[in-house]
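Heads up: the structure comes next, in structure tokens.
The values are calculated or read from the model by the stated rules, or taken from the named source; none is laboratory data. All values derive from a computational prediction rather than experimental measurement. Don't worry about glycine lacking a Cβ; one is built from the backbone with ideal geometry, like all the others, and counts go over all protein chains shown.
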Amino acid sequence: MVDPRFRGIGLSSELVRCYLREPLTTHTESLAAMGCACPFLLAGGMQQLELPRSTRDERLLHDLRALGARPADLLGGARVIDHRSRHGRALRRALLRWAKASKATARGAEKRTTADLLSDAAGALRPTRLVYVHSVSIGSVQPHGEGNR
């Protein structure tokens, strides 16, 4: 974490670069919830990869499109209320199918409110899911501490 007074001057990127010059491990990875808005890991020398969506998430996206909804519509507001009033049963059916397709959300799915299921689904269907990776080439730079014992 960088103190807010020192943000915007490249300090985060420099911290990443410093670590990657002498990493503790051969492979380094990082998740970034705000990677699109704050690309300091990319600027620091890591490679950005977009994680693929799960089969259940793709199915829910398909079902939402069939109802005329977009993932952003799940976040609330008038469009959600409109979709729930016009497509309530179909929307709940799609959300339950999505919830039951994973152990993480299956338990008690039938008892949960549609609003709760919508909230869970909105989090899962965020626009981009990014991961950042970096690997030390074998024979180039050894991770810090390896081979020095």
Just checking, which of A90, A78, A72, A104 is loosely packed, with under 11 Cβ neighbours inside 10 Å and at pLDDT below 90? A78
Only residues in the range 52-67 that are in contact (Cβ under 8 Å) with a residue 60 or more places away in the chain count as the first member; pair them with residues that are of a type in the set (F, W, Y) and part of a helix (DSSP H, G or I), Cβ under 6 angstrom, at least 6 apart or cross-chain, and list the lot. L60/W98
Can you tell me which of D3, D63, D57 is acidic (D, E) and surrounded by fewer than 13 Cβ atoms within 10 Å (Cβ to Cβ)? D3
Within the range 24-37, residues in a loop (DSSP other than H, G, I, E, B) and either among the small types (G, A, S) or in contact (Cβ under 8 Å) with a residue 12 or more places away in the chain (or both) come out as L24, T25, T26, A32, A33, G35, C36, A37
Hey, does the range 57-68 have a residue that's touching a Leu at 6+ places or on another chain (Cβ under 7 Å), among the hydrophobic types (A, V, I, L, M, F, W, C), closer than 24 Å to R129 by Cβ and not in a helix (DSSP H, G or I)? yes
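Rundown of residues vs (1) over 18 Å from D116 (Cβ atoms); (2) of a type in the set (S, T, Y), yes/no style:
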| residue | (1), (2) |
| --- | --- |
| M1 | yes, no |
| R7 | yes, no |
| S13 | yes, yes |
| S30 | yes, yes |
| E50 | yes, no |
| L74 | no, no |
Could you say whether any residue in the range 55-67 is out of contact with any Pro (no Cβ under 8 Å at 6 or more places or on another chain), in the same structural domain as T113 (by TED's automatic domain parsing) and small (G, A, S)? yes
